[in-house]
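The values are calculated or read from the model by the stated rules, or taken from the named source; none is laboratory data. Because the structure is a prediction, the values reported are computed rather than measured. Every residue, glycine as well, gets a Cβ built from its backbone with ideal geometry; the counts of neighbours run over all protein chains shown. Accessible surface areas use protein heavy atoms only, side chains included; no ligands, DNA or RNA. Shrake-Rupley method; radii C 1.70, N 1.55, O 1.52, S 1.80 Å.
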Amino acid sequence: KTALRLRPDRLIVGEVRGSEAADLIAALSTGHRGGLSTAHAGSPAEALDRLEEMAMLADGFEGVRQLVRSRLVRAVDVLIGVGRGHAGGRQIFGVWEVAGGGGVGLRSLWEPGSEPAVPSSNRAGAPGPAADVLESIEVAR
């Protein structure tokens, strides 16, 4: 929380394990241009569920699941799945775009061996953060 007073361009938070998820979601949904954090989960849907559950551990969020979920959808644009490859090193195994609406939706944008999907545009019609992520993966190949 203290770092937010410095008005950073980007937020980089280590692994999120508890109620600090509420601070991260609040910061990312209140005008900061971007951020990065990690959370352990078995799938992208499970990662969003875990973030939601951890945020609800924070004071003031008990019992307000719909509020936390709507903030989560506004805060998180892209999930990148990273895991151990056959040789033991880490590798990207998928990229998903988070979509709002009636709930939380995930749209697969890329998986190894497939062509990247076209990410959704932001409200102004310009490519959103997902396009930047896909471009970075393409450059890294």
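Evaluated against (1) open to solvent by less than 40 Å² (accessible area, probe 1.4 Å); (2) under 18 Å from Ala131 (Cα atoms); (3) of a type in the set (Ser, Thr, Tyr), Ser29 falls short on exactly one condition, (2).
Scanning the stretch 75-98 for residues that are assigned to a loop (DSSP other than H, G, I, E, B) and crowded, with 18+ Cβ neighbours inside 10 Å turns up Val76, Asp77. Listed conditions (1) out of contact with any strand residue (DSSP E or B) (no Cβ under 9 Å at 6 or more places or on another chain); (2) open to solvent by 60 Å² or more (accessible area, probe 1.4 Å); (3) assigned to a loop (DSSP other than H, G, I, E, B) are all met by Glu46, apart from (3). In the stretch 111-137, the residue that is modelled with the lowest pLDDT out of those that are in a loop (DSSP other than H, G, I, E, B) and touching a Leu at 6+ places or on another chain (Cβ under 8 Å) is Pro119. Which residues, counting only those in the stretch 49-71, are more than 19 Å from Ala99 (Cα to Cα), open to solvent by 70 Å² or more (accessible area, probe 1.4 Å) and modelled with pLDDT under 80? Across the stretch 49-71, the qualifying residues are Asp59, Glu62, Gly63.
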